[in-house]
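No value in this document is a laboratory result; all are computed from the given coordinates. Keep in mind that this is a model prediction, so the values were computed, not measured. Cβ: placed from backbone, ideal geometry, glycine included. Neighbour counts: every protein chain shown.
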Amino acid sequence: MEVCVVGTGYVGLVAGTCFADSGRDVVCVDKDAAKIEALNAGKVPIYEPGLAELVARNRAEGRLTFTTDLAAGVQKSKLVFIAVGTPQGDDGRADKRFVLEVARGIGRTMNGYKIIVDKSTVPVGTAEEVRAAVRSETSHPFDVVSNPEFLKEGDAIQDFMKPDRVVIGTDKPEVAEVIKELYAPFVRTDKPILVMDIPSAEMTKYAANALLATKISFMNEIARVCERVGADVTAVRKGIGSDSRIGPHFLFPGLGYGGSCFPKDVQAVIRTGADHGVEMEILDAVERVNQSQRQHFIDKVMRHFGNDLSGRTLAVWGLSFKPRTDDMRMAPSVTIIEAFLQAGAIVRAHDPEAMPEAKRFFGDRVVFCDTNYAAIEGADAVVIVTEWNEFRRPDFERVRASLKQPVIFDGRNLYNKDEMQALGFSYHSIGR
Ligand SMILES: NC(=O)c1ccc[n+]([C@@H]2O[C@H](COP(=O)([O-])OP(=O)(O)OC[C@H]3O[C@@H](n4cnc5c(N)ncnc54)[C@H](O)[C@@H]3O)[C@@H](O)[C@H]2O)c1
């Protein structure tokens with residue numbers, strides 16, 4: 001059974017490659033000709049650990065192909081995944097345009113029975129719209145399934161190969177069986193495959209992201225109180241995370257969530273609630289706290305320099321919205337660097353993977369440096385924005401010697417504050 005994956009981005013490329021790696025024949029389709037050309041030339045257009053090797057192997061073994069030709073992909077496959085983007089629309093709702101465009105395209109080109117699987121994150125009711133869009137173009141039989149994706153960038157391969165669970169939304173047991181068989185190689189350690197109705201599957205994805213975003217904003221708010229009352233949020237985090245009802249994950253305070261999912265998905269749930277007469281008061285607050293967290297950090301830097309950054313040079317370590325990805329979508333670094341530039345600072349930045357993407361945001365307004373040490377040469381302070389592993393244990397003597405003043409603003413609480421003080425740094429972190 002061949003599998004077609006439409007949309008070859010962070011999700012589609014990872015899903016397609018992992019399905020191929022489990023022995024399936026997979027064709028990945030994208031309308032971006034440059035992306036497909038690059039993939040066919042052996043270049044992987046995004047940074048995701050382990051992905052390039054996996055793509056190369058499965059291409060070489062003939063199980064993974066790339067094309068811009070939707071008809072070719074659809075016609076040889078029984079399973080067709082929709083994995084295109086669902087960006088935030090102007091009104092905050094998820095923009096389903098690309099999903100429905102693909103659905104119509106599948107309808108136009110299909111040559112027999114297909115199972116159409118929606119993997120994009122979409123509001124409740126979208127599967128029905130996909131069904132109508134396909135139906136408007138074809139008289140062939142088909143089923144529509146919701147199969148939301150829970151992978152996280154930076155660990156996408158691992159998450160896909162060993163998911164905590166697979167969610168399948170369908171009203172037909174025989175269709176569920178086909179999807180279960182496809183995922184069987186990935187759940188060999190008895191992780192659950194949860195079959196449910198379609199609206200519940202669509203809602204599960206949003207509820208998961210909304211809850212994770214809530215944990216982040218909650219801890220950021222607690223961190224702000226810690227700063228005022230003289231508590232250390234690291235101790236507090238450990239104190240609550242060891243409670244089995246709470247758990248240790250997603251309790252790290254920082255610069256707020258970013259990326260291509262949480263910001264738009266939180267907005268989309270708020271809109272879905274509003275559309276159905278439910279005011280999402282908690283998520284409204286989650287989003288407000290997320291926005292103000294970045295400002296809270298910017299204010300710390302500004303205050304240190306007497307609210308005037310003109311003539312100051314700030315070294316920024318980390319640009320991607322999280323480590324182990326080159327994704328800059330809604331990255332805190334953008335808000336923070338824009339604020340520094342606006343206040344007259346010179347910004348020297350380094351990121352292990354995201355500098356090509358970051359150049360598209362900042363052009364030549366930021367000095368991009370090949371190493372984190374090059375970025376701090378002659379700077380007034382180093383500002384840690386993304387917690388890449390290589391920033392966790394720098395040569396502090398060298399850092400102090402390179403900086404004009406020994407000042408660290410640590411947006412990710414990477415260092416021990418007593419050690420930093422002992423080393424002679426003026427060290428500012430979050431919630432400590
Ligand atoms: N990125 C993540 O970490 C993640 C995790 C889980 C779920 N999701 C969801 O998965 C979906 C895809 O996200 P992504 O990050 O992979 O997006 P992306 O922007 O990286 O990729 C989307 C791809 O779809 C292609 N595309 C758009 N319209 C097309 C069309 N008509 N025909 C063919 N290709 C088309 C684009 O060219 C692009 O390559 C979104 O709904 C997102 O919310 C993302």
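Hey, can you tell me all the residues within segment 89-114 that are surrounded by fewer than 19 Cβ atoms within 10 Å (Cβ to Cβ), within 28 Å of residue 264 (Cα to Cα) and either more than 14 Å from the ligand (Cβ to nearest atom) or in contact (Cβ under 8 Å) with a residue 40 or more places away in the chain (or both)?
90, 91, 92, 93, 98
Mind checking which residues of segment 367-408 are under 26 Å from the mean Cα position of the chain (by Cα) and assigned to a strand (DSSP E or B)?
Once the filter is applied, which keeps residues that are under 26 Å from the mean Cα position of the chain (by Cα) and assigned to a strand (DSSP E or B), segment 367-408 yields 367, 368, 382, 383, 384.
Taking into account only those residues within segment 187-210 that are touching a residue at least 24 places away in the same chain (Cβ under 8 Å) and of a type in the set (Asp, Glu), which is surrounded by the fewest Cβ atoms within 10 Å (Cβ to Cβ)? Quick ask: steps written out before the conclusion?
Step one: of segment 187-210, the residues touching a residue at least 24 places away in the same chain (Cβ under 8 Å) are 187, 189, 191-210.
So of that shortlist, the ones also of a type in the set (Asp, Glu) come out as 197, 202.
Details: 197: 12, 202: 25.
The selected residue is 197.
Of the numbered conditions (1) free of Cβ contacts under 8 Å to residues at least 40 places away in the same chain; (2) at positive phi, residue 413 fails exactly one; give the number of that condition.
Answer for residue 413: the failing condition is (1).
Which residue out of 231, 213, 184 is among the small types (Gly, Ala, Ser) and surrounded by 19 or more Cβ atoms within 10 Å (Cβ to Cβ)?
Details: 231 fails: surrounded by 19 or more Cβ atoms within 10 Å (Cβ to Cβ); 184 fails: surrounded by 19 or more Cβ atoms within 10 Å (Cβ to Cβ).
Of the residues listed, the single one that is among the small types (Gly, Ala, Ser) and surrounded by 19 or more Cβ atoms within 10 Å (Cβ to Cβ) is 213.
Would you check if residue 73 is within 13 Å of the ligand (Cβ to nearest atom), in a helix (DSSP H, G or I) and either more than 29 Å from residue 275 (Cα to Cα) or of a type in the set (Asp, Glu) (or both)?
Details: within 13 Å of the ligand (Cβ to nearest atom): yes; in a helix (DSSP H, G or I): yes; either more than 29 Å from residue 275 (Cα to Cα) or of a type in the set (Asp, Glu) (or both): yes.
Here the answer is yes, as residue 73 does meet what is asked.
Quick check on this structure: which one of 7, 23, 42 is within 12 Å of the ligand (Cβ to nearest atom) and at positive phi?
Numbers: 23 fails: within 12 Å of the ligand (Cβ to nearest atom); 42 fails: within 12 Å of the ligand (Cβ to nearest atom).
The match here is 7.
For segment 45-81, which residues satisfy the criterion of being surrounded by fewer than 18 Cβ atoms within 10 Å (Cβ to Cβ) and among the small types (Gly, Ala, Ser)?
Selection gives 50, 52, 56, 60, 62, 71, 72.
With the structure loaded, tell me whether residue 379 is under 26 Å from residue 342 (Cβ atoms) and buried (at least 16 other Cβ atoms within 10 Å of the Cβ) or whether it fails that test. Full working, then the answer.
Values: under 26 Å from residue 342 (Cβ atoms): yes; buried (at least 16 other Cβ atoms within 10 Å of the Cβ): yes.
The answer is yes for residue 379.
What is the one condition in (1) without any contact (Cβ under 8 Å) to a residue 24 or more places away in the chain; (2) surrounded by 23 or more Cβ atoms within 10 Å (Cβ to Cβ) that residue 306 does not satisfy?
It fails just one condition, (2).
Looking at the structure I just gave you, is residue 85 away from the ligand (no atom under 13 Å from the Cβ) and either under 19 Å from residue 149 (Cβ atoms) or touching a helix residue (DSSP H, G or I) at 6+ places or on another chain (Cβ under 7 Å) (or both)? Explain how you work it out, then say what you get.
Numbers: away from the ligand (no atom under 13 Å from the Cβ): no; either under 19 Å from residue 149 (Cβ atoms) or touching a helix residue (DSSP H, G or I) at 6+ places or on another chain (Cβ under 7 Å) (or both): yes.
For residue 85, the condition - away from the ligand (no atom under 13 Å from the Cβ) and either under 19 Å from residue 149 (Cβ atoms) or touching a helix residue (DSSP H, G or I) at 6+ places or on another chain (Cβ under 7 Å) (or both) - is not met.
Being surrounded by 23 or more Cβ atoms within 10 Å (Cβ to Cβ) and in a loop (DSSP other than H, G, I, E, B) narrows it down to one of 117, 84, so name that one. Lay out the reasoning, then the answer.
Values: 117 fails: in a loop (DSSP other than H, G, I, E, B).
Being surrounded by 23 or more Cβ atoms within 10 Å (Cβ to Cβ) and in a loop (DSSP other than H, G, I, E, B) holds for just one of 117, 84, which is 84.
For a quick check of your reading of the model, give me the residue pairs whose first member lies in segment 25-45 and is closer than 14 Å to residue 58 by Cα, whose second is within 8 Å of the ligand (Cβ to nearest atom) and not aliphatic (A, V, I, L, M), with beta-carbon atoms closer than 6 Å and at least 6 apart or on different chains.
Taking only residues 6 or more apart or on different chains, the pairs are 28/8.
How about segment 239-296: which of its residues are closer than 21 Å to residue 415 by Cα and touching a residue at least 40 places away in the same chain (Cβ under 8 Å)?
Correct list: 252, 253, 254, 255, 256, 257, 293, 294, 296.
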